[in-house]
Amino acid sequence: MYGTGVSPGISIGTASLVRKKTGKVSGIITAGDEERISEVKKFTNAVSNAVAEIEAMMNNRSGELQKTEIDLLDTHIEFLNDPQIRTDILEKINVEHKTAADSVIEVINAAASMFDSMEDDYLRERSADIRDIGSRILSHIDDVDGNTINTLPENTILIADDITPSDIISIDITRIAGFATRKGGKTSHAAIIARSRGIPAVVGCGDGLTGIANNDLILLDGTAGEVIINPDNVTEEAFRIRQKEFRLGIASLSDLRDKPAVTGDGHRLKLYANIGGPSDMDKVIESGGEGVGLLRTEILFMDRDSMPGEEEQFLFYREIAEKAGKMPVTVRTMDIGGDKKLSYLQIPEEENPFMGYRAIRLCLDREELFITQLKAILRAGYYGNLRIMFPMISSAGEIRKAKKCVAMAKEELSSKGLPFPGKIDIGIMIEIPSAAIMAGELAREVDFFSIGTNDLCQYTLAVDRMNEKVSPLYNHFNPAVLRLIAYTIEQGSKNNIHVGLCGEMAGDPLATRVLMGMGLEEFSMASSSIPVIKKIIRDTDMTAAVKIWNTARSMTDPDEITGYLKER
Ligand code: PEP
Ligand code: MG
């Protein structure tokens, strides 16, 4: 079966189904007191084990978890200990004579539906937490599956509908050899997580995955996008050889860590990483990243009940600045909205959230939130080499307004005597076609551009990046997208500002030489992609890359372009 390979590598392992168990009610009625006592025990043990499991996770991974993740886990413990839920479940077991599993399913479903129907956004979102808790209790009751998070066998291949950041928090990542999901495309959460953790993954496999059972043997090729279930011996052996070859390739790449990203004919390029928080910095350094081209700060704002204040944000950014030392760190101001909703901001439902009240639009409307973030970034800038980047810019007016907010933030800090760097570079994401078209004019307003191909692609082609039904149309090799990227790079260079690219295209090996040929200087990607891209750059002469781009730019069909690049 094929899906979209989104994180390279070959894995051989056993399937573990991640099911959001709100499950089917069996309808079984218990026979006598003994059975009822045993069901009560099953339930109470399951709750204790679930709490212990979360606590163990928090202890064992305390250095690794971020504050938002700890808050989320605390909320889950609170739900597990909720006396009302407990009473309701015990009543079903004792009075209605239902099994522990059925009682949990019924009570959790009722509680989740109640939250679902609430007006308040924040409370409505809690239904997902309730369902998550329900699945966790059920997985402890249901010994047959046995695949609770703590008991995942080594070399597990997770099979799921989708994988979200909150799933990843609860998983012992060292046991995961790969994952395959039914939904999703190249820029879905699952794909971004897999790449940043260096786990081979195939997404968007569709309904073929539903045939997989726990403990099936799975072969997964995250480069080719292939998933094979219970293979015969010959296929398995061929895969093992493929895996060895891949590992040998990676081992030779790790020798490149301390070598520069310089082309065969001496052009020096820069390879940066995309991160979500301080815990990602070790991977950046390990993989030979020379800086951070994109810090997605919105991760700090998600999965919590209220906005982080200036001090909390300051500590978060400072930790990254200190870990990065002299390396540049590009801090993108909050890119909230679209698929990244914050329940506590109470943003009304929108028909088209991706084109709605989000990112810089929201920040300029809610200046108090924006200035708080800017003050925290500026203060942290004193401890390292930070630069500020605004997302979703569509016009010069927005840049000017945002820069005014930076000036106001500086004034507030000065009046309080708080230190911040004298000069901090300010840049914008080029991810809306209007910004790319106006790149020459916008370049005069800022110190750098970073091209966000994930959004540039969706807005240029009018293809929703989250919708797998239209995913074949979502292609960064579409000539219209390539032209906008090339124009942005050209205008940046004419105006003497740096141009980087931080969309997923930067880590696509097929795109490297085309982007080099266009004159791109900075590539920012998941840390795990850096060695491969460095190898391509070191193996290519700039003159050859320019020729490749010149040939590709004359083609009008994305498939023709990809076909040509594959042959090179
Ligand atoms: C982009 O749009 O290319 C980008 C890097 O930002 P995000 O994926 O966070 O929207
Ligand atoms: Mg974007």
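The values are calculated or read from the model by the stated rules, or taken from the named source; none is laboratory data. Computed from a prediction, not measured in an experiment: that's the story for all the values here. We place every Cβ from the backbone using ideal geometry, glycine too, and count neighbours over all the protein chains shown. Just so you know, the surface numbers come from the protein's heavy atoms only, side chains and all, with ligands and any DNA or RNA stripped out. Shrake-Rupley method; radii C 1.70, N 1.55, O 1.52, S 1.80 Å.
Observations, loosely collected:
- Considered as a group, the residues in region 259-309 that are of a type in the set (D, E, K, R) and open to solvent by less than 40 Å² (accessible area, probe 1.4 Å) include one that is farthest from ligand 2 (Cβ to nearest atom), and that residue is ARG304.
- Residue satisfying condition, being more than 16 Å from ligand 2 (Cβ to nearest atom), closer than 28 Å to ASP539 by Cα and out of contact with any helix residue (DSSP H, G or I) (no Cβ under 9 Å at 6 or more places or on another chain), within set ARG247, ARG197: ARG247
- Being open to solvent by 40 Å² or more (accessible area, probe 1.4 Å), in a helix (DSSP H, G or I) and among the hydroxyl-bearing types (Ser, Thr, Tyr) is not true of THR223.
- There is no residue in region 248-258 that is open to solvent by less than 30 Å² (accessible area, probe 1.4 Å) and β-branched (Val, Ile, Thr).
- All of (1) more than 20 Å from GLY338 (Cα to Cα); (2) buried (at least 20 other Cβ atoms within 10 Å of the Cβ); (3) in contact with a Pro (Cβ under 9 Å, 6 or more places away or on another chain) hold for ALA359 with one exception: (1).
- Condition broken by THR488, with the remaining ones in (1) modelled with pLDDT under 95; (2) open to solvent by less than 50 Å² (accessible area, probe 1.4 Å) satisfied: (1)
- Within region 387-423, the residues that satisfy the criterion of being open to solvent by less than 10 Å² (accessible area, probe 1.4 Å) and in contact (Cβ under 8 Å) with a residue 40 or more places away in the chain are ILE388, MET389, PHE390, PRO391, MET392, ILE393, ILE399, ALA402, CYS405.
- Residue list for region 513-562, filter: outside any helix (DSSP H, G or I), out of contact with any helix residue (DSSP H, G or I) (no Cβ under 6 Å at 6 or more places or on another chain) and crowded, with 24+ Cβ neighbours inside 10 Å: GLU522
- Residue within region 365-383 that is basic (Lys, Arg), open to solvent by 30 Å² or more (accessible area, probe 1.4 Å) and within 22 Å of the chain's Cα centre (by Cα) present: no
- Of the residues making up region 27-47, those that are open to solvent by 40 Å² or more (accessible area, probe 1.4 Å) and either among the basic types (Lys, Arg) or under 12 Å from ILE141 (Cβ atoms) (or both) are SER38, LYS41, LYS42, ASN45.
- Selection of region 78-101 for residues being more than 22 Å from GLU55 (Cα to Cα), basic (Lys, Arg) and part of a helix (DSSP H, G or I) yields only LYS92.
- Inclusion of LEU456 among residues that are surrounded by 19 or more Cβ atoms within 10 Å (Cβ to Cβ), touching a Gly at 6+ places or on another chain (Cβ under 8 Å) and closer than 17 Å to GLY185 by Cβ is warranted.
- Residue under evaluation ALA506, criteria (1) within 13 Å of ligand 1 (Cβ to nearest atom); (2) assigned to a helix (DSSP H, G or I); (3) out of contact with any strand residue (DSSP E or B) (no Cβ under 6 Å at 6 or more places or on another chain), criterion not met: (3)
- Filtered by the rule that a residue be open to solvent by less than 70 Å² (accessible area, probe 1.4 Å), more than 16 Å from ligand 1 (Cβ to nearest atom) and farther than 15 Å from GLY277 by Cα, region 326-356 gives MET327, SER343, TYR344, LEU345, ILE347, GLU350.
- The requirement of being of a type in the set (Gly, Ala, Ser), in contact (Cβ under 8 Å) with a residue 40 or more places away in the chain and touching a strand residue (DSSP E or B) at 6+ places or on another chain (Cβ under 8 Å) is fulfilled nowhere in region 306-314; no residue meets it.
- All conditions but one from (1) open to solvent by 30 Å² or more (accessible area, probe 1.4 Å); (2) at pLDDT 85 or above; (3) of a type outside the set (A, V, I, L, M, F, W, C); (4) touching a Pro at 6+ places or on another chain (Cβ under 8 Å) apply to HIS189; the one that does not is (2).
- Conditions (1) in a helix (DSSP H, G or I); (2) open to solvent by 60 Å² or more (accessible area, probe 1.4 Å); (3) within 16 Å of ligand 2 (Cβ to nearest atom); number of the one not met by ASP464: (1)
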